[in-house]
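The values are calculated or read from the model by the stated rules, or taken from the named source; none is laboratory data. This is a predicted model, so every value here is computed, not measured. Glycine gets a Cβ as well: all are built from the backbone with ideal geometry, and neighbour counts include every protein chain shown.
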Ligand SMILES: [Fe+2]
Ligand SMILES: [Fe+2]
């Protein structure tokens, strides 16, 4: 079922949007962040019912959705959402995936994380291929302002917060042109893969924490 879900998404993105990269990435970013909303919805439900409180999981999944939101904003600034049919397809597919992943996460959370691991791997490979094909052209184009603010000039707390494989402030992308922006997006997708792998570990319920949590604990202990 997981492979079927990923396969449908990959088919739509690779075949239907073969020669239109920005609409293709717009659809990918619209649909591929929705599972993080599903995880958050179910975790909020568990917390509301008093069954489970894991604030780090909520923080990290929200930071992941925040990262994917910025990928989406970049694609919108590049004109990827210009056609009504693309917005229609992306949003309705996203709605379907939201409810499917809700069901999957309720009955088999590791399968839901494995699903996103595969989707993020696909996203990484798609951007990597695009970078190789379009390197020369992309280096002549300016970076969108939203990318400059998110990766370079703004508050980078949320940028660090989804990258659970490393301490905060380790990754600081260089953003001078559109090529740099796509490198940053591609590398983000691999950080999502690592976070999804961490979520599937047998001891994740004991070990998993947001990148800023140890720092916060140290600060609290020092006061
Ligand atoms: Fe993305
Ligand atoms: Fe992603």
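Conditions tested, residue by residue: (1) away from ligand 1 (no atom under 16 Å from the Cβ); (2) farther than 28 Å from residue 199 by Cα; (3) buried (at least 18 other Cβ atoms within 10 Å of the Cβ); (4) without any contact (Cβ under 8 Å) to a residue 40 or more places away in the chain.
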| position | (1), (2), (3), (4) |
| --- | --- |
| 111 | yes, no, no, no |
| 115 | no, no, yes, no |
| 124 | no, no, yes, no |
| 129 | no, no, no, yes |
| 140 | yes, yes, no, yes |
| 145 | yes, yes, no, no |
| 155 | yes, no, no, yes |
| 159 | no, no, yes, no |
| 163 | no, no, yes, no |
Problem set entry | Which numbered condition residue 184 fails, given (1) touching a residue at least 40 places away in the same chain (Cβ under 8 Å); (2) within 16 Å of ligand 2 (Cβ to nearest atom) | (1)
Exercise. Before we move on, is residue 101 within 13 Å of the chain's Cα centre (by Cα) and either within 13 Å of ligand 1 (Cβ to nearest atom) or surrounded by 19 or more Cβ atoms within 10 Å (Cβ to Cβ) (or both)?
Worked result: no
For this session: Kindly list the number of the only condition in (1) away from ligand 1 (no atom under 15 Å from the Cβ); (2) modelled with pLDDT of 95 or more; (3) more than 18 Å from residue 120 (Cα to Cα); (4) in a helix (DSSP H, G or I) that fails for residue 39.
Result: (3)
Exercise. Given the residues 192, 205, which is the only one that is under 16 Å from residue 57 (Cα atoms), at pLDDT 95 or above and assigned to a helix (DSSP H, G or I)?
Worked result: 192
Exercise. Among (1) within 15 Å of ligand 1 (Cβ to nearest atom); (2) under 21 Å from residue 179 (Cα atoms), where does residue 66 come up short?
Worked result: (2)
For this session: State whether the residues of the range 78-91 include one that is part of a helix (DSSP H, G or I), within 16 Å of ligand 1 (Cβ to nearest atom) and over 13 Å from residue 39 (Cβ atoms).
Result: yes
Exercise. Before we move on, is residue 142 under 19 Å from the mean Cα position of the chain (by Cα), farther than 19 Å from residue 28 by Cα and part of a loop (DSSP other than H, G, I, E, B)?
Worked result: no
